[in-house]
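Enquirer: Structure provided below as structure tokens; questions to follow.
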């Protein structure tokens with residue numbers, strides 16, 4: 001495990017990273033609560049992915065780069081500029097929802113203001129879209145980079161291979177990410193793919209493939225920092241496989257105790273990336289436990305306020321159901 005100091009980030013940036021990680025966790029917990037009391041219809045959790053997602057997103061320039069997320073990427077979307085209220089508006093299905101004005105399922109993150117392009121419910125369709133975005137950078141001679149992610153299960157879809165192949169041929173500025181949490185819903189990795197690592201697929205398409213420990217903030221951040229710099233300089237795409245943990249069931253409609261043992265679930269919690277990060281922050285002198293509690297209190301208050309405000313917003317007008325579906 002690399003030290004946080006090896007990341008090259010200063011103390012303020014490291015505290016900001018931790019704040020994003022903890023905010024993602026607390027907001028995710030709120031979304032679960034809303035489904036359980038019947039105020040939201042669905043949630044797919046990213047608990048266990050937060051450290052990796054923050055390290056990933058902080059290596060980009062959100063003001064000019066484009067992000068095409070998948071359904072577990074809420075925490076990365078927060079780093080990219082979305083607010084807790086933006087996310088909650090989507091879960092409540094409100095008209096002011098920046099992702100789709102309440103027209104899509106929850107967890108379909110998007111924000112035109114923040115260069116976040118919403119995805120389809122059909123898994124991994126964001127990969128060819130990201131390749132197209134990166135191709136536009138090449139054609140327009142601009143230096144923005146596209147980032148897209150998916151899980152290791154959905155990475156086996158055909159369009160993922162087509163997107164990576166085209167990006168490799170054209171040397172496009174796009175970073176492909178596979179967030180490998182070991183399960184495609186209830187199916188383990190031994191039944192998903194035969195290659196030793198998902199990162200091995202990068203070289204097959206003519207670009208680097210790197211596997212990182214998603215609980216290691218510095219390792220993940222430095223890996224992304226290098227491939228983003230290379231992409232911006234015209235050296236082409238890269239594939240990064242982030243090894244992460246899914247601490248919850250696949251979704252609010254799943255029960256992982258059916259296919260995971262209680263011992264496995266307890267071990268996952270012991271290796272929670274959030275706890276690993278907190279231990280490092282304390283040991284390296286960035287924050288005390290009391291300062292962490294203060295940050296947590298502020299975030300909980302922010303999320304409570306965002307929940308109240310989002311729930312009070314107007315629902316979409318049924319008469320507008322066909323608007324913003326087709327171009328005028």
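We did not get these values from a lab; they are worked out from the coordinates using the rules stated. Because the structure is predicted, anything quoted here is derived from the model rather than measured. Neighbour counts are summed over all protein chains in view; Cβ atoms, including those assigned to glycine, are modelled from backbone coordinates with ideal geometry.
Enquirer: I need the Debye-formula profile for the range 115-237: one equal scatterer per C-alpha, no solvent, reported as log10 I(q)/I(0) at q = 0.11, 0.15, 0.18, 0.19 1/Å, two decimals.
Expert: Values returned for q = 0.11, 0.15, 0.18, 0.19 Å⁻¹ are -0.36, -0.68, -0.98, -1.09.
Enquirer: Classify the range 232-282 from the C-alpha gyration tensor, please: rounded if a/c falls under 1.5, else prolate or oblate depending on whether a/b exceeds b/c.
Expert: Judged from the Cα gyration tensor, the range 232-282 comes out oblate (a/c at least 1.5, b/c at or above a/b).
Enquirer: Right, here's the next one. Hey, for a label at residue 295 modelled as a point 7 Å past Cα toward Cβ, could you say which residues of the range 41-62 have their backbone N under 20 Å away?
Expert: 46-60
Enquirer: Using per-residue counts of other Cβ atoms within 10 Å, averaged over each peptide, order 110-119, 296-305, 39-48 from highest down.
Expert: Ranking, from highest mean packing down: 39-48, 110-119, 296-305.
Enquirer: Same structure again: Between the alpha-carbon centers of the range 305-326 and the range 5-52, tell me the distance in whole angstrom.
Expert: About 24 Å separates the Cα centre of the range 305-326 from the one of the range 5-52.
Enquirer: Rank-order 245-255, 134-144 by packing density, defined as the average count of other C-beta atoms within 10 Å over each peptide's residues, highest first.
Expert: Sorting 245-255, 134-144 by mean packing, highest first, produces 245-255, 134-144.
Enquirer: Give me the mean projected area, in nm² to one decimal, of the convex hull enclosing the Cα positions of the range 59-165.
Expert: Result: a mean projected hull area of 6.8 nm².
Enquirer: Can you tell me the order of 125-131, 260-266, 173-179 when each peptide is scored by its average per-residue count of other Cβ atoms within 10 angstrom, highest first?
Expert: Order by mean packing, descending: 173-179, 125-131, 260-266.
Enquirer: Which of 270, 94, 23 ends up with the largest GNM mean-square fluctuation for the chain, with Cα atoms connected below 10 Å?
Expert: 270
Enquirer: To two decimal places, what compactness ratio does the range 226-328 give when its Cα radius of gyration is scaled by 2.2 N^0.38 Å?
Expert: Dividing the Cα Rg of the range 226-328 by 2.2 N^0.38 Å gives 1.69.
Enquirer: Quote to one decimal, in nm, the extra length available between residue 328 and residue 302 on full extension: 0.36 nm per residue of separation minus the C-alpha distance between them.
Expert: 5.5 nm is the gain from fully extending residue 328 to residue 302.
Enquirer: Separation of the range 94-130 and the range 227-258 by C-alpha centroid, Å?
Expert: 17
Enquirer: Relative contact order for the chain: what is it in percent, counting Cα pairs under 8 Å that are at least 6 residues apart?
Expert: The normalised contact order for the chain reaches 23 percent.
Enquirer: More than 19 angstrom separation, counting every C-alpha pair in the range 35-121; what % is that?
Expert: In whole percent, the long-distance tail amounts to 33.
Enquirer: Order of 109, 18 from fewest to most other C-beta atoms within 10 Å?
Expert: Ascending number of Cβ neighbours within 10 Å: 18, 109.
Enquirer: Compute a Gaussian network model of the chain, connecting alpha carbons closer than 10 Å, and tell me which residue from 208, 69, 106 fluctuates the most.
Expert: Answer for the Gaussian network model of the chain: 208.
Enquirer: Also, I was wondering about something else. According to a simple spin-label model (label point 7 Å from Cα along Cα-to-Cβ), what is the distance in nm between residue 112 and residue 282?
Expert: In this crude label model, residue 282 to residue 112 measures out at 4.7 nm.
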